[in-house]
Each structure stands twice: as C-alpha cells, then as structure tokens.
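Heads up, the thing below is written out as structure tokens.
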Amino acid sequence: MVTNKKDIRALSKEQLRTFFESKGDKAFRGDQVYAWLWQKSAHDFVDMTNLSKATRDMLQNNFVINHINVDNFQRSNDGTVKNAIRLHDGLIVESVLIPTATRTTACISSQVGCSLDCKFCATARLKRMRNLNPDEIFDQVTAINQQSKHYHNRPLSNIVFMGMGEPLMNYNNVIKAIDKITSTEGLAMSPKRITVSTSGVPKMIKKMADEAVKFNLAVSLHSAIDEVRTSIMPFNTTFPLADLKDALVYWYEKTKQKVTYEYVVWKGVNDTQKDIDALVTFCKYVPSKVNLIEYNTIDDAAFVQASKLSIDKYIRTLEQNNIIVNIRRSRGKDIDAACGQLANKS
Ligand code: SAH
C-alpha cells in the first residue's frame, strides 16, 4: 500500500535519536529502533518488543517500513533460486541465490531496469524506472540470507552486485546499503565478501576507491578494443577504455585490491588473436584476473558463444602471460536466472 508516511529507514541513527527526543522520550530509544531495523531487520513495528505498546503505536502513526516482498520464486535444478521482488510501489526486481559446495552467494539488483544498453543483456531491454533505495538493496540480502539458511543450513557467504542495474549509477544508495550490510550495527558481513560489478563508470570507480569500506571490484569488460566494445556496449563512447584504465590504476593505488574482469567470448565479435592480445595488454595495467563467463542466450541471433577452440586460445594466452583466468559456468539457466538473463519474465 502506498502511503504518505515516511519510511523510517530513511532516517540515520542520529535522526532517530533526535526524533525520540522531540517526542519527549529518551534518545537511546533511537538506538533501539535502529538495531531493530538494521541488525534484526524487523518488518513491522509490532516486532519491536523492547518498546512499549504506546511507543510502537506512535511509530506506526508516524512512519512505515517499506519492506520488500518476495512475490514468487523459482528453484533451478542446480539449486539456484530466482526471486521476483515486489517493491512498495509495485515495481519488480529480481535477485538470485547461487549455492555451491562451499559458498552461498546473493546476486542482488541495484536499479529497476537499467539505463545502459549492453546489446547482449536482457536487463538492458527493460527501461530504467528508478534507483533502489538502500533499504531495498539491504532487504534483498536479508531475504536471500533466509533462503540460504532454509535450503543450505548456512548463512549467506557472499554478495555480488550483479543483478539488475548499474550499481555505480546508483552510487550513494549502493554505498549506504553496503555500509548497513558490513557495519557491526547492521549485518556485520565482511566487505571482503562483497563484489560490486560495473560496466565501467570511471569517475565512480575513483570515488569508490576513496571509500573507507574496502570491497571487491569487478568490471564487465568484454573487449579491450574501443571499437569492439562500443559496438556491444555503446556507452563505451562516453566512458572509453583509456578513462577506464586511469580509474582502475587509481583504484589499485588506493585499495591494493586486484580487479576482476568479466568477459564473454562471442563468435565473430571478440574471438580473434587481436582481441586476445588487447585483453592481455589491458590486464597488465593493474593486478587483475579474468572470469570467462559462459554466454547465456537472450533471443538475439547476433550473439553466439564462441567455439571451444577460441575460448581455449584465450585461456592459453592469458595463462602464458601469467594472468589468472577462471571459467564461470552458468547457474540457473533453466529458470532465466543466469548472468544477463534477469528480465522479469515471470
Ligand atoms: N551493470 C553491472 C552489473 C550487472 S552484472 C555490470 O555490467 O557489471 C551482470 C553481468 O553479466 C555483467 O558482467 C554482464 O556483462 C554479464 N552479462 C550480461 N548479459 C549476459 C549474457 N547474456 N550472458 C552472459 N553474461 C552476461
């Protein structure tokens, strides 16, 4: 239900303390409520059992908690779970639980739709409706954490911002959410287990390098040749590789963290020796590794996964140049939950 009441989670701890004081109550009530919201992820004021009934009613009269709703979910035969998440205004995003033998990873969305136009990505075909709020990003993590406990008897081990949207185009909210996820006053998860994936927004990568909390950075590179990259990721004209390189050099100087390049090899797009050599050169700018991602089809005949031969050539050349390369098999493809397939189909 849409109401005019403000979401209480838009308030900082300090603002909550001030609010209680303004009501003639003790400031520390603000700390209690803050803990309910961010440590215990309460969905409702009635759950805040260390507050009096009168206080809970007063909160109810002044605020809402716009919690996300898992509208429905699908479970793949490989254990991957795709959730359709309904936001308070009725819009839908998807988030995914990806289990392996040793990890359970939440793949979460940062925007409703996406404003970028990567030709090979299903999400790119959805108009960007709005940015997610910090609490909407946070709620995806707690919802998937519950699923992880339910299906695997263990809490979430990792979080990747690889769902819908471009996290660096919703920078402030993503950083605020990460702060709540990592803070001891929130979920207290290690930032080392969080990866923000970007198609490469240089200015924002630099900004992120200056943040106090140090998490991992992945860049969806897909080509290290400007003309090729522009043909599949048109925003590359605005953020060309030279600027991306500068930003990554800055990132490494500041964080001393290796960068991961995500890379799909397509037939006739980026499968020549020239493409491989360009990637090798790019990888030498800063310590990095390459994740070769399997292409997940999205009903576009222009894109076909390259031959095994071409992919093997990539792997061999990268390894010969001492660049770490991992092969990332798709997960949850049968339910359209794999990389680039999130498109609110269900
Ligand atoms: N906008 C951010 C976050 C999305 S992450 C980014 O671009 O990094 C989603 C990842 O899946 C990106 O690496 C993207 O390039 C990749 N991807 C998109 N479509 C894909 C497809 N059809 N098959 C495989 N990977 C795809």
Number of the condition not met by Ser157 [criteria: (1) away from the ligand (no atom under 11 Å from the Cβ); (2) farther than 24 Å from Arg329 by Cβ]: (2)
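Going by the conditions given, is Ser52 within 30 Å of Ile92 (Cβ to Cβ) and of a type in the set (Gly, Ala, Ser)?
Working: within 30 Å of Ile92 (Cβ to Cβ): no; of a type in the set (Gly, Ala, Ser): yes.
It is false that Ser52 is within 30 Å of Ile92 (Cβ to Cβ) and of a type in the set (Gly, Ala, Ser).
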Residues being under 17 Å from Arg86 (Cα atoms), within 13 Å of the ligand (Cβ to nearest atom) and either among the basic types (Lys, Arg) or surrounded by 23 or more Cβ atoms within 10 Å (Cβ to Cβ) (or both) - total across the range 115-131: 2
Breaking point among (1) assigned to a helix (DSSP H, G or I); (2) farther than 24 Å from Asp44 by Cα; (3) of a type in the set (A, V, I, L, M, F, W, C), for Val141: (2)
Glu21 vs. criteria charged (D, E, K, R) and touching a Ser or Thr at 6+ places or on another chain (Cβ under 7 Å): no
Qualifying position, being of a type in the set (Phe, Trp, Tyr), within 11 Å of the ligand (Cβ to nearest atom) and surrounded by 15 or more Cβ atoms within 10 Å (Cβ to Cβ), among Phe235, Phe215, Phe239: Phe235
Residue tally, condition away from the ligand (no atom under 16 Å from the Cβ) and either under 14 Å from His222 (Cα atoms) or outside the structural domain of Leu126 (by TED's automatic domain parsing) (or both), over the range 286-332: 0
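Of the residues Ala343, Ala338, Ala302, Ala306, only one is at pLDDT 90 or above and of a type in the set (Gly, Ala, Ser); which?
Numbers: Ala343 fails: at pLDDT 90 or above; Ala338 fails: at pLDDT 90 or above; Ala302 fails: at pLDDT 90 or above.
Testing whether each residue is at pLDDT 90 or above and of a type in the set (Gly, Ala, Ser) leaves just Ala306.
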Failed criterion for Ala143 (all others in (1) within 16 Å of the ligand (Cβ to nearest atom); (2) buried (at least 20 other Cβ atoms within 10 Å of the Cβ); (3) modelled with pLDDT of 95 or more; (4) not basic (Lys, Arg) hold): (1)
Near pairs, Cβ below 9 angstrom, 6+ apart or cross-chain, from the range 292-316 (small (Gly, Ala, Ser)) to any residue that is near the ligand (Cβ under 10 Å from one of its atoms): Ala302/Lys119; Ala302/Phe120; Ala302/Trp266; Ala306/Val264; Ala306/Trp266; Ala306/Tyr295
Helices (runs of 4 or more DSSP H) fully within the range 161-267 counting 2 or more residues that are touching a strand residue (DSSP E or B) at 6+ places or on another chain (Cβ under 9 Å): 171-182, 202-209, 241-255
Of the criteria (1) over 27 Å from Tyr151 (Cβ atoms); (2) at pLDDT below 95, which one Asn77 fails: (1)
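Out of all the residues in the range 205-212, is one or more assigned by TED's automatic domain parsing to the domain that holds Asn291, of a type in the set (Gly, Ala, Ser) and more than 16 Å from the ligand (Cβ to nearest atom)?
Of the residues in the range 205-212, the ones assigned by TED's automatic domain parsing to the domain that holds Asn291 are 205-212.
Applying the additional criterion that residues be of a type in the set (Gly, Ala, Ser) yields 209, 212.
Now narrow it down to the ones that are more than 16 Å from the ligand (Cβ to nearest atom): 209, 212.
Yes: the range 205-212 contains one or more residues that are assigned by TED's automatic domain parsing to the domain that holds Asn291, of a type in the set (Gly, Ala, Ser) and more than 16 Å from the ligand (Cβ to nearest atom).
Among the listed residues Asp47, Asp31, which satisfies the condition of being free of Cβ contacts under 8 Å to residues at least 60 places away in the same chain and over 13 Å from Arg9 (Cα atoms)?
On the way: Asp31 fails: over 13 Å from Arg9 (Cα atoms).
Checking each option against the conditions leaves just Asp47.
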Exclusive hit being over 30 Å from Ile335 (Cβ atoms) and β-branched (Val, Ile, Thr), set Thr237, Thr297: Thr237
Candidates Leu11, Leu91, filtered to the one that is at pLDDT 95 or above and under 21 Å from the mean Cα position of the chain (by Cα): Leu91
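The values are calculated or read from the model by the stated rules, or taken from the named source; none is laboratory data. In this text, all values refer to a predicted model and were calculated from it rather than measured experimentally. Cβ coordinates were reconstructed from backbone atoms using ideal geometry, including for glycine residues, and neighbour counts include every protein chain displayed.
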